[in-house]
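Contents: one structure, followed by commentary.
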Amino acid sequence: KLHSDLDKGVGTVKYTLSGDGAGTVFTIDETTGDIHAIRSLDREEKPFYTLRAQAVDVDTKKPLEPESEFIIKVQDINDNEPKFLDGPYVASVPEMSPVGAYVLQVKATDADDPTYGNSARVVYSILQGQPYFSIDPKTGVIRTALPNMDREVKEQYQVLIQAKDMGGQLGGLAGTTTVNITLTDVNDNPPRFPKSIFHLKVPESSHVGSAIGRIRAVDPDFGKNAEIEYNIVPGDGGNLFDITTDENTQEGVIKLKKPLDFETKKAYTFKVEASNLHLDHRFHSVGPFKDTATVKINVLDMDEPPVFSKPMYTMEVYEDTPVGTIIGAVTAQDLDAGSSSVRYFIDWKNDVDSYFTIDATEGTIATNELLDRESTAQYNFSIIASKVSNPLLTSKVNVIINVLDVNEFPPEISVPYETSVCENAKPGQVIQTVTAADKDLSPTGQRFSFRLSAEASNKPNFTVHDYRNNTAGIETRRNGYSRRQQDLYFLPVVIEDSSYPVQSSTNTMTIRVCRCDSDGTILSCNVEAIFLPVGLSTGALIAILLCIAILLVIVVLYVALRRQKKKNTLMTSKEDIRDNVIHYDDEGGGEEDTQAFDIGALRNPKVIEDNKIRRDIKPDTLRFPRQRPPVEDNTDIRDFINQRLQENDVDPTAPPYDSLATYAYEGNGSVAESLSSIDSLTTEADQDYDYLNDWGPRFKILADMFGEEESYNPDKVT
């Protein structure tokens, strides 16, 4: 309720309200100033409201007092139950845990005001899950309540937890949640065989490494605590078998380590031990975590193939042994109870196997062809044995036959040698070391001897020194050799082996005489070098050749200069004035082009007679010019040209196209007579060239040139 001291109760004062919730949550009586809540309040939604009130004059609408602010607090009541915000819960605890082992802590929250009363005071309790677990009423910690809870008995537990406010008193509100608790496994159980004896039946034909049976020990634990390791206890038959663990099924897989033979032993008995891999020291007092069982294996008789007496046969035979000679035998037996006869045959794979045959009943091996160790030193093939009663049952054995050598090839020089001796060699000097090779293979190793042939022993040139280690040295016996007298020597060397019968061969070695320096280094072995002056060094030879080359270059340059000088003497001088008739089949440089032909031919008519080879084409072969009578200086040019035309027409070597032949001879009988000024008695200034106009159109250009020159003569006065 609001009241102003200025309010006399006559209705002249009006109260107004503003702030949080004014008009929506709270309202005020304008006349009395009473404040009322117009809807329900929730402390958890808004715990207090800040409002402002003022007294106003009804008539003037002016405030009678300053505005005052006040706070309305919402008083809490227990209207919210505790809630488990993280529920439901999942927890685990190892089995066999002691009483009071920690499992999980739960927590419930109450939205009521914890500072006012007991509305938010929560107490925890177990509604379901006793007597296995307990909970602390204040903290909510869950612990085990029974000792030695066994996972193998019960693994899952569901516990119902209650949280109640008001301190758990009557009338308090409560909330619940579920906790699912799982007992985790520990290795508290040893493996146990379900029976003490296991019986297995195994065929004697089982392959080594194959699985012949399975046994299993039971372990109620889970995961790695249930992993089992199996071992065979040393004893009867334990060395023939092995056992491993199947990781998926934890079974013991028994495998065969060695082949079984019913005829040798029909049954085996041994013990197998099963134990845990991961032990827990807390449960050692329970007892040993392993168990033992007996395994009895009965071997079943099977119809087996024959068995050879050896895993492999090795035989020897000399080469060139006569065909049909027995070199050895193989033996196979049927070891089954009802013994059967055995038949033998060669496993044919290639043509090499045809060199031998085998007796089908006795198993003896004989040669079928002549053998050659140098061609094939060893034969490797297989023999198959089969039972007569069951031919499908076969066995195979490998046979190796080594061909022994018979001394039939003589030794020879291993490689061709290029032997040389210096002209200045001294007696006893080794010029070549030779070795020998033999196609035969001596079982005691190769032993060769070297000597000169009988006819070469008497010659005083070279000798052979046997080093007794399958090598020999070629030594000189003279003091110096001369290439001029003999440049090649042929030395016959006899080589013998030490096998029986003794084989020998004569090998001819070629020895070339060479020129060497004082250190014995070969300078030249060519035959042409024999005729060079003695003592002439390589540097001197190079100097001589260089001088010869320089002289040749000088001669070539001299000849070239002579030809150029001769050509220049034939060229016309600038003062030599002649008419040059130049004809082209294509466009050329005009009258100024004087480089298209040999102008020397225009100067001397006799040059034409001397040079008959055509210059306008390139002749295929050089032919000699035909002899023509010399042309007289006073011969008319027309007859001269006609004569040349006839010669070209009948010439079979002339090309089938027009060719140009130019002549510088003026001829006789010209209407204008000679144009040369050599014989003129008058000077050029006294000449009158008007008569050129009377000679016709052919001399029009000449008349114009001299007439123009006369008209522009500066010395002439008009």
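The values are calculated or read from the model by the stated rules, or taken from the named source; none is laboratory data. Computed from a predicted model, the values in this text were never measured in an experiment. Please note: Cβ atoms are built from the backbone with ideal geometry, for glycine as well, and neighbour counts cover all protein chains shown. Areas reflect the complete protein model, heavy atoms only, side chains present, ligands, DNA and RNA absent. Shrake-Rupley method; radii C 1.70, N 1.55, O 1.52, S 1.80 Å.
According to the calculation over all Cα-Cα pairs in region 181-262, the P(r) per 10 Å bin from zero is 16, 42, 26, 11, 4, 1 %.
Rounded to whole numbers, the Karplus 3J(HN,Hα) couplings from phi for region 218-228 are 9, 10, x, 5, 10, x, 5, 5, 9, 6, 10 Hz, using 6.51 cos²θ - 1.76 cosθ + 1.60 with θ = phi - 60°, and x at Gly and Pro. Packing order of peptides 140-147, 46-53, highest average first: 140-147, 46-53 (average count of other Cβ atoms within 10 Å over each peptide's residues).
Rounded to two decimals, the Cα radius of gyration of region 232-329 over 2.2 N^0.38 Å is 1.95. Set the Cα radius of gyration of region 300-418 against 2.2 N^0.38 Å, with N its number of residues, and you get 1.37.
Annotation: amide H-H contacts under 5 Å for F345 (H modelled 1.01 Å from N, sequence separation of 5 or more, or interchain): I384. Expressed in nm², what is the orientationally averaged projection area of the convex hull enclosing the Cα positions of region 20-151? Here the figure is 11.5 nm², rounded to one decimal. The accessible area of L240, taken with all protein chains in place and a 1.4 Å probe, comes to roughly 30 Å².
Dividing the C-alpha radius of gyration of region 215-265 by 2.2 N^0.38 Å, with N its residue count, gives 1.42.
Consider a paramagnetic label point 7 Å from the Cα of E455 along Cα→Cβ; state which residues of region 477-509 have an amide N under 20 Å from it. Within reach of a label on E455: 486-496, 504-509. The modelled label-to-label distance between L557 and Y132, using points 7 Å beyond Cα along the C-beta direction, is 12.5 nm.
With a simple spin-label model that places each label point 7 Å from the Cα along the Cα-to-Cβ direction, the separation between K700 and H281 comes to 14.5 nm.
Counting 0.36 nm for each residue step from V253 to H36 and taking away their Cα separation leaves a gain of 69.2 nm.
Residue-wise HN-Hα couplings along region 82-91, as the Karplus relation 6.51 cos²θ - 1.76 cosθ + 1.60 with θ = phi - 60° gives them from phi, are x, 10, 8, 6, 9, x, x, 9, 10, 9 Hz; Gly and Pro carry x. Calculated FRET efficiency, I71 to D246, Cβ-Cβ distance, R0 = 56 Å: about 0.10 to the nearest 0.05. Checking every one of the trypsin sites (Lys or Arg not before Pro) in region 334-443 against DSSP loop status and a limit of 14 other Cβ atoms within 10 Å picks out K349, K439. For V323, put the label point 7 Å out on the Cα→Cβ axis and report which residues of region 369-385 keep their amide N under 12 Å from it. Answer for this model: 369-371. Computed with a 1.4 Å probe on the full set of protein chains, the accessible area for F490 sits at about 130 Å².
The Rg/Rh ratio of region 452-504, with Rg taken over Cα atoms and Rh as the Kirkwood radius over Cα pairs, comes to 1.06. Only protein atoms count toward the accessible area here, which uses a 1.4 Å probe; on region 143-291, the carbon and sulfur part of that area reaches 51 percent.
Applying 1/(1 + (r/R0)^6) with R0 = 51 Å to the Cβ-Cβ distance of D86 and S196 gives a FRET efficiency near 0.45.
Among the protein heavy atoms, those of Y691 account for about 100 Å² of accessible surface (1.4 Å probe, every chain in place).
Please get the size of the charge dipole for region 178-252, origin at its Cα centre, with Cβ charges of +1 on Lys and Arg and -1 on Asp and Glu, quoted in debye to the nearest 20.
280 debye
Karplus-derived 3J(HN,Hα) values for region 168-176, using 6.51 cos²θ - 1.76 cosθ + 1.60 with θ = phi - 60°, are x, 6, 5, x, x, 8, 9, x, 10 Hz; glycine and proline are entered as x.
By accessible area of protein heavy atoms, probe 1.4 Å, what ranking do K201, K255, K290 get, highest first? Numbers along the way, then the final one.
Working: K201 145, K255 75, K290 100 Å².
Putting K201, K255, K290 in descending order of accessible area: K201, K290, K255.
Counting Cα-Cα pairs of region 387-489 in 10 Å increments starting at 0 gives whole-percent bin shares of 12, 30, 22, 12, 8, 6, 5, 4, 2.
The mean accessible area for residues of region 1-150, using a 1.4 Å probe and ignoring ligands and nucleic acids, is 61 Å² per residue. A cut-off of 5 Å between modelled amide H atoms, ignoring neighbours fewer than 5 places along the same chain, links S420 with R512.
Amide H contacts of E152: none lie under 5 Å away among residues 5 or more positions distant or on a separate chain (H built 1.01 Å from N in the peptide plane; Pro and chain starts excluded). What FRET efficiency, computed as 1/(1 + (r/R0)^6) with R0 = 56 Å and r the Cβ-Cβ distance, is obtained for S210 and I548, rounded to the nearest 0.05? Calculated transfer efficiency: 0.05. I want to make sure I understand the PRE zone here: with the label point 7 angstrom from the Cα of S389 toward its beta carbon, which residues in region 314-344 have backbone N atoms less than 15 Å away? Only 333-343 pass the distance filter.
The calculated Kirkwood hydrodynamic radius for region 112-234 is 19.7 Å, given to one decimal from all distinct C-alpha pairs.
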